[in-house]
Amino acid sequence: MITTIDPGEVAKFEAMAAEWWDPAGKFKPLHQMNPCRLHYITSQISAEFDRNLTHPQPFAGLRILDIGCGGGLLSEPMARLGADVVGADAAPRNIPVAQLHAEQSGLTIDYRNTTAEALAEAGEQFDVVLNMEVVEHVADPLAYLTACQTLLKPGGLMICSTLNRNAKSFAMAIVGAEWVMRWLPKGTHDWAKFITPDELYDLIRRAGLDPVDRKGMVFNPVSWNWSLSARDLSVNYVTASVKR
């Protein structure tokens with residue numbers, strides 16, 4: 001079976017598996033970014049599927065795939081909102097970490113050590129694919145996004161976030177986050193694999209999806225929090241696309 005997995009990238013996250021749920025550990029940046037990511041994800045899903053977020057379980061009846069789920073930082077909120085969640089990760093050690101935390105949280109989540117390609121080959125179908133901070137780590141972004149497209153039902157929604165490729169993203173995501181702040185181990189990101197918003201839109205279209213929205217996720221070093229921006233996509237950004 002063809003796979004877009006890059007073994008070197010998987011090994012990096014394997015080494016950090018046990019720290020997924022430590023908000024002061026190696027995944028501190030993701031914990032800080034998570035409220036911003038969740039705001040975007042929930043607003044896009046509720047708009048696309050006409051769900052009322054004030055209801056106790058607004059995503060009931062939706063089947064959601066969290067690809068590259070790590071320790072489950074997004075899978076768990078989706079399950080709490082009522083979705084039927086499959087969390088998939090290519091790094092085997094992430095899965096027991098995610099399973100244990102879900103069990104401790106009283107949540108039922110179907111965690112699997114598998115790939116987008118394997119799920120697509122098995123004929124799995126989802127209403128939503130969450131594809132967050134994964135595309136910059138795969139060997140073949142177009143083949144990977146095509147597998148994600150195959151996994152979506154007609155009318156399905158993919159949320160995809162990644163890092164822009166420019167001097168600012170090198171300064172912020174690599175020099176700042178890895179070298180200076182040491183939020184992430186050196187070598188976590190490969191700047192050459194970063195993807196500009198226009199390149200990602202092109203890849204998404206070539207994969208057979210229709211991009212409908214994109215926003216920047218901007219870190220404010222004064223307030224120490226993240227927010228969405230319609231204009232600033234210079235470092236982290238997130239997109240929404242639909243399978244017509």
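The values are calculated or read from the model by the stated rules, or taken from the named source; none is laboratory data. Note that the structure is predicted; figures quoted are calculated from it, not measured. We place every Cβ from the backbone using ideal geometry, glycine too, and count neighbours over all the protein chains shown. Only protein heavy atoms, including side chains, enter the accessible area calculation; ligands, DNA and RNA are left aside. Shrake-Rupley method; radii C 1.70, N 1.55, O 1.52, S 1.80 Å.
Quick look at the numbers
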{"item": "The range 99-213 - convex hull of the alpha-carbon atoms, volume per residue in Å³", "result": "142 Å³"}
{"item": "Sequence-distant residues sharing a close amide H with Phe126 (under 5 Å, placed H)", "result": "Leu152, Lys153"}
{"item": "The chain - charge dipole about Cα centre, Lys and Arg +1 at Cβ, Asp and Glu -1, debye rounded to 20", "result": "540 debye"}
{"item": "Å² of accessible area per residue within the chain, as computed with a 1.4 Å probe and no ligands counted", "result": "43 Å²"}
{"item": "Amide H partners (placed H, <5 Å) of Tyr111, local residues excluded", "result": "Gly87"}
{"item": "Low-density loop positions, chymotrypsin sites (Phe, Trp or Tyr not before Pro), the range 90-182 - DSSP coil, at most 13 other Cβ in 10 Å", "result": "none"}
{"item": "Rounded to whole Hz, the Karplus (6.51, -1.76, 1.60) HN-Hα couplings of the range 100-114, x for glycine and proline", "result": "5, 5, 5, 4, 5, 8, x, 10, 9, 9, 8, 8, 9, 8, 7"}
{"item": "Apportionment of accessible area to carbon and sulfur, the range 1-92, percent (1.4 Å)", "result": "58 percent"}
{"item": "Highest to lowest packing among 190-200, 48-58, scored as the average C-beta count within 10 Å", "result": "190-200, 48-58"}
{"item": "Distance in nm between pseudo-label sites at Lys168 and Ala24 (7 Å out along the Cβ direction from Cα)", "result": "3.2 nm"}
{"item": "Estimated [θ] at 222 nm from DSSP helical runs (n ≥ 4, -39500 (n - 2.57)) normalised by residues in the chain, nearest 500", "result": "-9000 deg cm²/dmol"}
{"item": "Alpha-carbon Rg with Dmax, taken over the chain, Å", "result": "16.6, 48"}
{"item": "All lysines inside 29 Å of Lys243 as judged from Cα atoms, apart from same-chain residues fewer than 8 positions distant", "result": "Lys153, Lys193, Lys215"}
{"item": "Nonlocal amide H pairs with Met132, under 5 Å, H built at 1.01 Å", "result": "Ile67, Ser161"}
{"item": "Cα gyration tensor shape of the range 181-244, rounded if a/c is under 1.5, else prolate or oblate by comparing a/b with b/c", "result": "oblate"}
